[in-house]
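Below is one structure, written out as structure tokens; comments come after it.
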């Protein structure tokens with residue numbers, strides 16, 4: 001089944017919103033002084049849905065063979081990475097190379113960025129805890145597991161920016177041309193020429 005632009009955008013936004021809900025639950029679990037506000041929660045979910053919708057548009061454009069300019073649909077959703085969300089930005093922007101099918105070296109760079117991001121943020125959580133919060137083993141495990149899941153899923157979503165483009169389908173008029181308008185070389189020697 002071929003996805004349409006509205007369908008891809010809606011699926012991306014829905015997946016982004018689901019990620020935002022998981023992120024908000026994780027934030028609540030790791031907080032030493034848990035506060036809940038509908039405004040903050042809805043902003044997190046809304047920004048995640050905006051990013052997910054942009055990723056859906058970029059993925060559709062890539063599969064449809066559209067130009068790379070469609071990738072700019074992701075830009076408005078980058079507001080998710082302002083303030084505390086910036087610790088996840090490296091996973092989305094560079095860690096996404098781990099899934100991008102662009103060669104062994106770039107995949108290794110992507111996985112290294114994801115791993116370094118997880119380790120650095122775990123060390124930050126242990127060495128610089130929230131004021132008045134006690135750092136327990138359970139809290140560290142919750143932090144590392146939750147951050148890892150969020151970072152890896154963001155890297156997968158961001159990979160739609162870096163993946164190779166599909167070429168446009170050839171015209172349906174059965175002409176013997178490549179899509180770049182260069183003539184095909186016919187096999188069989190020079191018979192009849």
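The values are calculated or read from the model by the stated rules, or taken from the named source; none is laboratory data. Values in this document were obtained by computation on a predicted structure and should not be read as measured data. Ideal geometry is used to build each Cβ from the backbone, glycine not excepted, and the neighbour counts take in all protein chains shown.
Structure notes:
- Hey, residue 105 at pLDDT 95 or above, part of a helix (DSSP H, G or I) and on the phi < 0 side of the Ramachandran plot or not: no
- Qualifying residue in the range 129-139 (condition: in a helix (DSSP H, G or I) and surrounded by 15 or more Cβ atoms within 10 Å (Cβ to Cβ)): yes
- Near pairs, Cβ below 6 angstrom, 6+ apart or cross-chain, from the range 74-95 (touching a residue at least 24 places away in the same chain (Cβ under 8 Å)) to any residue that is assigned to a helix (DSSP H, G or I) and surrounded by fewer than 20 Cβ atoms within 10 Å (Cβ to Cβ): 87/121
- The range 3-52, subset outside any helix (DSSP H, G or I) and either surrounded by 19 or more Cβ atoms within 10 Å (Cβ to Cβ) or free of Cβ contacts under 8 Å to residues at least 60 places away in the same chain (or both), residue nearest to the chain's Cα centre (by Cα): 4
- Qualifying residue in the range 131-150 (condition: over 24 Å from residue 22 (Cα atoms) and either in contact with a strand residue (DSSP E or B) (Cβ under 9 Å, 6 or more places away or on another chain) or modelled with pLDDT of 90 or more (or both)): no
- Given (1) outside any loop (DSSP other than H, G, I, E, B); (2) within 19 Å of the chain's Cα centre (by Cα); (3) surrounded by 13 or more Cβ atoms within 10 Å (Cβ to Cβ), number of the condition residue 86 does not satisfy: (3)
Residues are listed down the side, and each one gets a yes or a no for (1) part of a loop (DSSP other than H, G, I, E, B); (2) at positive phi; (3) at pLDDT 90 or above; (4) crowded, with 17+ Cβ neighbours inside 10 Å:
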{"residue": "117", "(1), (2), (3), (4)": "no, no, yes, yes"}
{"residue": "121", "(1), (2), (3), (4)": "no, no, yes, yes"}
{"residue": "174", "(1), (2), (3), (4)": "yes, yes, no, no"}
{"residue": "180", "(1), (2), (3), (4)": "yes, no, no, no"}
